[in-house]
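The values are calculated or read from the model by the stated rules, or taken from the named source; none is laboratory data. Computed from a prediction, not measured in an experiment: that's the story for all the values here. Cβ atoms come from the backbone with ideal geometry, glycine included; neighbour counts cover every protein chain shown. For the accessible areas, the whole protein counts, side chains as well, though only heavy atoms, and no ligand, DNA or RNA atoms are used. Shrake-Rupley method; radii C 1.70, N 1.55, O 1.52, S 1.80 Å.
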Amino acid sequence: MTTSYSRRDWLRSAGCGFGSLALSAMCARQNALAASAQPTKNLHHPARAKRMIFLFMQGGVSHVDSYDYKPRLASEDGKQMPFHDARMIANSGARKESAQRVMKSLWPYRQYGECGRWASDLSPEMNQHVDKMCFVHSMKTEGIAHGPATLFLHCGSTSFIRPSMGSWLLYGLGSENENLPGFVSISPSVGNGGPRNYGNAFLPAVYQGTALGRAGGPAKEATIRNLTNSGLSATAQRDQFDLLRQLNAEQLKQAPGDAELEAVVNSYELAWRMQMNAPEVLDLSHESEATQAMYGIGDKVTDNFGRQCLMARRMCEAGVRYIQVTYGDNSANPAWDQHSNMPKHGDHARAVDRPVAGLLADLEQRGLLEDTLVWWGGEFGRTPYAQGNGTGRDHNTGGFTVWLAGGGVKPGFAYGETDEYGHMAVVDKVHMHDLHATMLHALGLDHERLTFRYSGRDFRLTDIHGHVVHDLLT
């Protein structure tokens with residue numbers, strides 16, 4: 001008995017068959033990963049924050065010139081004193097002390113806010129918001145060079161390929177907006193780990209960060225690549241998309257319950273929804289002149305980073321789960337890396353001071369700061385002594401400062417201490433693993449339970465380390 005097919009039936013079946021060849025290739029790797037992908041999508045405990053903005057100060061801000069007030073640096077400025085120099089230890093393995101010239105802060109310190117926090121004149125506008133900030137003065141990290149330390153900051157590992165903080169967060173919580181990526185990195189650097197700093201590693205590809213622009217490039221050009229199709233009219237694109245949806249629907253009918261196939265089909269639809277929604281979110285012209293001025297947009301010094309910070313607020317408001325904003329460049333010595341010219345810190349501070357202050361004020365006035373965790377900091381700090389008796393400071397991983405704001409952290413609070421020179425953390429030390437664990441906790445995730453099984457092992461952001469610093473949380 002033979003079965004007759006109309007030409008239409010044959011074309012429909014053949015079209016779906018050809019489509020399945022392409023889809024099977026795209027699904028091949030995801031099939032293997034999906035079996036072990038067990039995203040939380042439910043909180044481990046009540047969350048204090050729903051989303052996060054990371055303001056990455058690439059290169060390492062000098063904590064002793066910004067927020068870690070050490071009067072002894074001024075009183076002993078110019079003296080030769082013994083220090084354990086981390087770079088000398090790394091290069092030679094010798095752990096003996098070496099004589100270094102103490103160098104005072106180039107910017108005077110004053111007390112700010114109701115909390116009376118000491119802060120230098122390096123960032124006068126950010127200093128107006130110290131009552132919102134939670135300072136951690138006793139940070140420690142791994143990797144004396146930029147590459148390893150930057151990877152450790154983002155991924156919890158100095159060398160191995162691991163998922164980034166944003167990917168872990170998206171994996172654990174999912175997205176708040178089905179029309180936009182859940183993880184966006186604004187103007188990331190191509191160096192010191194490059195895409196690995198917003199990569200998904202062995203997590204399924206859906207958790208990878210979406211890069212907008214590049215470090216050192218104009219923020220006006222920071223957009224989603226291939227977002228629009230100038231070769232077809234809106235009507236033609238809609239017709240094309242509707243046809244694709246019909247073909248995909250036929251595929252799904254023939255393979256009910258195929259989660260991998262459904263995921264790929266959904267990715268096509270997300271791309272279409274992004275075309276309809278992302279341009280609106282990225283268009284800063286909708287903001288008032290007063291709001292743009294708050295971020296320093298229109299001022300040559302602050303315009304670029306101001307645009308990045310305002311874009312971050314718009315994404316935060318639109319439901320993007322994790323937004324990283326990088327202040328840096330793609331040079332061999334990134335941004336804040338002043339080995340021989342500490343006054344250059346002033347130029348970088350002027351570029352970010354008003355935009356960051358504007359972001360905090362804007363988030364607060366819109367009611368977003370309460371459930372948005374803001375993290376400001378670099379991959380390490382800088383030494384309290386002059387590098388090579390010169391005019392700059394070397395990398396310092398043994399003690400430095402970061403601050404958090406919003407999202408359930410204690411406002412106007414300071415935790416931990418470095419020694420009297422600001423060299424090494426000595427009181428209530430906080431390792432980078434501890435900071436990661438604490439931030440995940442604020443977002444409702446237990447760092448020990450947020451795991452992914454890969455190559456026979458359960459991996460997590462904090463590896464086998466990390467403790468939540470509950471004293472930082474309300």
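Using a simple spin-label model with pseudo-atoms 7 Å out from Cα toward Cβ, residue 317 and residue 230 lie 2.9 nm apart.
When volume of the Cα convex hull per residue in Å³ is computed from the coordinates, the matching label among (i) 159; (ii) 143; (iii) 193 is (i).
Accessible area per residue was computed with a 1.4 Å probe on protein heavy atoms; residue 190 scores about 100 Å². Label sites at residue 474 and residue 98, each approximated as a point 7 angstrom past Cα along Cα to Cβ, lie 4.7 nm apart.
Evaluated with a Cβ-only charge set (Lys, Arg +1; Asp, Glu -1), segment 419-474 carries a dipole of roughly 400 debye about its Cα centre, given to the nearest 20.
How do the peptides 289-300, 432-443, 201-212, 449-460 rank, highest first, by the average count of neighbouring beta carbon atoms within 10 Å per residue? Don't skip to the end; give the middle numbers.
Working: 289-300: 16.8, 432-443: 23.8, 201-212: 21.0, 449-460: 15.0.
Taking the mean over residues of other Cβ atoms within 10 Å, the ranking is 432-443, 201-212, 289-300, 449-460.
Once you reduce segment 307-369 and segment 137-178 to the center of their Cα atoms, the two points are 18 Å from each other. Would you please state which residues of segment 394-422 a label at residue 90 would reach in this model, taking the label point 7 Å out along Cα→Cβ and a backbone N cut-off of under 13 Å? It comes to 394-399, nothing else. Among the DSSP beta bridges whose two residues both lie in the chain, what percent are antiparallel, rounded to the nearest 5? Among the beta bridges of the chain, antiparallel pairing accounts for roughly 50 percent. Sorting 339, 154 on solvent-accessible area from highest to lowest, probe radius 1.4 Å, gives 339, 154. Approximating the spin labels as points 7 Å out from Cα along Cα→Cβ, the residue 243-to-residue 43 distance works out to 4.7 nm.
Top to bottom by accessible area (1.4 Å), largest first, where do 164, 105 land?
Numbers: 164 0, 105 25 Å².
Largest accessible area first, the residues go 105, 164.
Think of the chain as a dipole: +1 on every Lys or Arg Cβ, -1 on every Asp or Glu Cβ, centred on the Cα centre; then among 151, 296, 400, 151 lies furthest on the positive end.
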